[in-house]
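Structure incoming, see below.
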Amino acid sequence: MIFKLQTSNLILQTSSADSLFHIPDNSVDTIVTDPPYYSTIQYAELSDFFYVWMKRTLGDIFPDLFWSELTDKDREAVANPSRFRNMGASPEELAKQDYEAKMQLVFSEYYRVLRDDGVMTVQFNHKESGAWDVLTKSLIDAGFEITASWSVSTENPQNLHQAKKNSVSSTVLLVCRKRDPLAEQAWWDDLRPEVANLVEQRAPEFEENEITGIDLYLSAFGPALNVFSRAYPILDSSGEPVRPEVAFAEARKAIANYRFRKLVQTDTAGFDPLTQWYLLAWDAFKAREFPFDEARQLALAIGGFNVNDLAKEYKLLDSASGTCKLLTPKQRHKKRAFNTCADNFSNLYLVDALHAIIAIYQEEQNPQLVRNFLQKTGLNNNDMLMKTLEIAFKVIPKSAEEHKTLTSLWLSMDEIKAKVVYEQMRFEV
Ligand SMILES: C[S@@+](CC[C@H](N)C(=O)[O-])C[C@H]1O[C@@H](n2cnc3c(N)ncnc32)[C@H](O)[C@@H]1O
């Protein structure tokens with residue numbers, strides 16, 4: 001719904017946001033918009049339930065609002081793959097193109113009606129960065145620059161639904177202005193360091209405002225867009241235009257570095273990339289299950305191993321229909337991801353050592369077996385493994401079986417207690 005405000009009285013007008021025919025060019029001071037978050041909610045389909053009843057009761061009073069049989073799905077700006085079945089191409093891809101085209105029409109209309117010195121805020125969030133890429137590309141292509149961004153914590157973290165699933169609990173407000181029409185093109189390679197610096201600079205401020213986990217990664221897209229939307233177009237070294245997702249990848253890398261440095265607290269050198277990925281995945285998603293694409297993006301941010309090998313070779317996760325699940329040490333052991341016999345244990349990845357001691361302890365609840373394994377493999381003197389345990393305590397949720405086993409181990413093995421700082425859970429009475 002589009003509102004038109006006049007000084008002495010308030011006029012409410014409705015129209016599809018892609019056609020503000022009743023509003024002249026350059027006439028609006030401020031636009032505040034909260035567009036659909038890609039595919040999250042199918043508003044029109046849900047509205048039909050109410051629409052048919054409202055039409056019966058209000059149809060005679062507001063005939064202009066209720067002339068159609070059902071709500072207008074064709075102009076609705078959502079990504080809805082079910083509308084593109086059997087069309088010869090991937091329904092998801094067609095839905096994405098449709099959303100991008102519609103949002104670009106909407107933002108072009110906003111650009112037309114906004115005064116040259118006007119300001120617009122766009123509220124958005126989605127846990128998948130692909131949705132961000134599509135929305136912000138439309139915004140930038142329409143001529144806007146993102147001059148500031150604010151992340152607001154919007155969901156109660158105690159909410160059970162939120163705690164069990166990896167869901168997004170913040171919203172980002174993008175402050176946009178018309179980009180200088182004389183802005184020139186820029187090279188992505190020149191902007192890349194600026195994106196990383198700005199993201200790392202803003203990260204502590206986001207955390208102070210209780211923006212953590214995946215929300216921290218998503219909030220970093222705001223500062224990345226500040227830099228990215230200033231010039232137009234942005235080109236890569238072969239002269240091809242670059243999409244916002246490239247800036248988001250850089251922002252994600254900056255946050256991954258920042259978080260890992262913060263978790264380790266000392267030098268991060270020596271941690272293998274697989275272990276970094278595992279610890280950062282728990283830190284970001286705070287759940288065993290999350291979208292596979294986010295797992296992939298995080299792996300790309302860390303680098304150093306092939307993303308497809310996370311499931312196939314390292315057996316750290318199982319993936320199916322777009323989501324993936326971190327495997328437990330027991331499941332990984334069963335799939336022979338590592339060997340719990342000290343003589344055959346391959347000491348390449350700290351995450352395997354972590355999982356091996358958890359799996360050994362879970363088998364018989366006997367700390368002596370863990371002690372033997374640590375001594376025979378020489379891992380008892382490996383400070384990096386002790387640091388990995390310390391980080392695992394911080395990032396793996398207390399409800400996960402890995403955390404519970406680590407707590408029992410810590411309580412029953414003085415040699416671990418001596419080296420691993422663990423703030424035990426406070427029991428509320
Ligand atoms: C994220 S919701 C906004 C909710 C709103 N801020 C509120 O608190 O009620 C997005 C809204 O955009 C509407 N919408 C979708 N396509 C539209 C279009 N072409 N023109 C105007 N509104 C549209 C949806 O129906 C939905 O109500």
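The values are calculated or read from the model by the stated rules, or taken from the named source; none is laboratory data. None of these values were measured; they are calculated from a predicted model. Cβ coordinates were reconstructed from backbone atoms using ideal geometry, including for glycine residues, and neighbour counts include every protein chain displayed.
Could you tell me which of the residues V32, V52, V106 is in the same structural domain as Q123 (by TED's automatic domain parsing), among the β-branched types (V, I, T) and loosely packed, with under 15 Cβ neighbours inside 10 Å?
V32
Here are some residues: D383, D352. Which one is within 29 Å of A284 (Cβ to Cβ) and either more than 31 Å from the chain's Cα centre (by Cα) or modelled with pLDDT under 95 (or both)?
Just one listed residue meets the conditions, D383.
May I pose another question? Consider only pairs whose beta carbons are under 6 Å apart and that are at least six residues apart or on different chains; among these, list those whose first residue lies in segment 60-77 and is surrounded by 12 or more Cβ atoms within 10 Å (Cβ to Cβ) and whose second residue is of a type in the set (S, T, Y) and part of a helix (DSSP H, G or I).
Hits for this filter: T71/S47; T71/Y51.
Oh, and also: So which of S15, S39 ends up being surrounded by 12 or more Cβ atoms within 10 Å (Cβ to Cβ), among the small types (G, A, S) and in contact with a Pro (Cβ under 8 Å, 6 or more places away or on another chain)?
S39
Residues are listed down the side, and each one gets a yes or a no for (1) touching a Leu at 6+ places or on another chain (Cβ under 7 Å); (2) of a type outside the set (S, T, Y); (3) surrounded by fewer than 20 Cβ atoms within 10 Å (Cβ to Cβ):
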| residue | (1), (2), (3) |
| --- | --- |
| E184 | no, yes, yes |
| W187 | yes, yes, yes |
| G213 | no, yes, no |
| P244 | yes, yes, no |
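Next question. Within segment 310-330, count every residue that is over 18 Å from Q362 (Cβ atoms) and touching a helix residue (DSSP H, G or I) at 6+ places or on another chain (Cβ under 8 Å).
Residues in segment 310-330 being over 18 Å from Q362 (Cβ atoms) and touching a helix residue (DSSP H, G or I) at 6+ places or on another chain (Cβ under 8 Å): 8 in total.
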